Amino acid sequence: MIKYLEYFKCTISTQTIFRFEFFIEYIFQFINVAIKIFLWQAVVLNSTSKPAMSLSQVVTYFLIVFIVSQVTDIVLDIAQKIKLGTLSNHLIKPVNAIGLEFSRILAMKVLILIKFIPIFIIMAYVYRQHFIFPHFNFYSLVFLFMGLSIAFFVNLTIHFLAFWMTDVSAINYILVTFFGLFSGSLVPYEFIPDGLRKFLEILPFKFFVHVPVHALMGEITINQINNFLTLGGAYILFFILLNYVLFKQGLKKYIAVGG
């Protein structure tokens, strides 16, 4: 455990070096959340029928989406390590390569939260007339961590395909597209047609944004909590087992050219 904590601290130190990149990303994310709120605010105010969400719900939803998506948006470099042969550096050490990558991701997420919470506070103040304060409770934090875990293992599955493929960037791009379209990051589930929404309800993408956001908004029932915990836990177990098999089989194909 100490080894992973040290890797966690090293990742934070590395990421804080690039201050200019830090500043540019800060500005970009501020504009991004402002545009989303502006567009969906227009949708609600100009709706000819009763909208699926009130103006306060929409503003609160996308402000919380901003923070949640920062947590569950995962960027791994396992595929690159496999391609370049540098994965060997981890395989010969008394550490778990997946555990190290998860430690790196956790460090990144802690830094991201520290970095972007001020934007959240500023935007919440700007929209204070419509903003509803989040419900920080045990279940909302559980679903947030569950979303991070599922996103990590889904991405890891794609990256492990690099054992058999020279480039997984196209598949990863499709996954990112699915993340935006089906997680609730761009379009709330309330505005999705019933037939499509029922299909999306059984997929893991809803755990990336939809479930943790609604948990933080205090809009899920006890029955939904039990269903989400069961389904989310099943997905985590499934992807852990799948990744274990892919990793073990992939190592048999792995050739550390240049490693």
When the range 33-56 is examined, which residues are found to be of a type in the set (S, T, N, Q) and assigned to a helix (DSSP H, G or I)?
41, 56
Name every residue in the range 57-96 that is part of a helix (DSSP H, G or I), modelled with pLDDT under 80 and among the aliphatic types (A, V, I, L, M), in order of residue number.
91
Those helices (runs of 4 or more DSSP H) completely within the range 153-259 that have 2 or more residues that are hydroxyl-bearing (Ser, Thr, Tyr) are 169-182, 222-253
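Within the group 149, 54, 69, 88, which residue is farther than 25 Å from residue 27 by Cβ, out of contact with any helix residue (DSSP H, G or I) (no Cβ under 8 Å at 6 or more places or on another chain) and polar (S, T, N, Q)? First the steps, then the outcome.
Numbers: 149 fails: out of contact with any helix residue (DSSP H, G or I) (no Cβ under 8 Å at 6 or more places or on another chain); 54 fails: out of contact with any helix residue (DSSP H, G or I) (no Cβ under 8 Å at 6 or more places or on another chain); 69 fails: farther than 25 Å from residue 27 by Cβ.
After ruling out the rest, the residue left standing is 88.
Can you find, within the range 133-152, the residue that is modelled with the lowest pLDDT among those that are aromatic (Phe, Trp, Tyr) and part of a loop (DSSP other than H, G, I, E, B)?
To start, the set of residues in the range 133-152 that are aromatic (Phe, Trp, Tyr) comprises 133, 136, 138-139, 143, 145, 152.
Within this subset, residues satisfying the condition of being part of a loop (DSSP other than H, G, I, E, B) are 133, 136.
On the way: 133: 86, 136: 82.
The extreme case among them is 136.
Please find, within the range 197-228, the residue that is surrounded by the most Cβ atoms within 10 Å (Cβ to Cβ) out of those that are among the basic types (Lys, Arg) and in contact with a helix residue (DSSP H, G or I) (Cβ under 9 Å, 6 or more places away or on another chain).
206
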Residue satisfying condition, being over 19 Å from residue 77 (Cβ atoms) and touching a residue at least 12 places away in the same chain (Cβ under 8 Å), within set 158, 240:
240
Scan the range 232-248 and give yes if some residue there is within 18 Å of the chain's Cα centre (by Cα), buried (at least 18 other Cβ atoms within 10 Å of the Cβ) and more than 18 Å from residue 175 (Cα to Cα), otherwise no.
yes
For the range 127-144, give me each residue that is among the hydrophobic types (A, V, I, L, M, F, W, C) and surrounded by 14 or more Cβ atoms within 10 Å (Cβ to Cβ).
131, 132, 142, 143, 144
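The values are calculated or read from the model by the stated rules, or taken from the named source; none is laboratory data. Everything numeric here is computed off the predicted structure, so don't read it as measured data. A quick note on method: Cβ atoms are made from the backbone with ideal geometry, for glycine too, and the neighbour counts reach across all protein chains shown.
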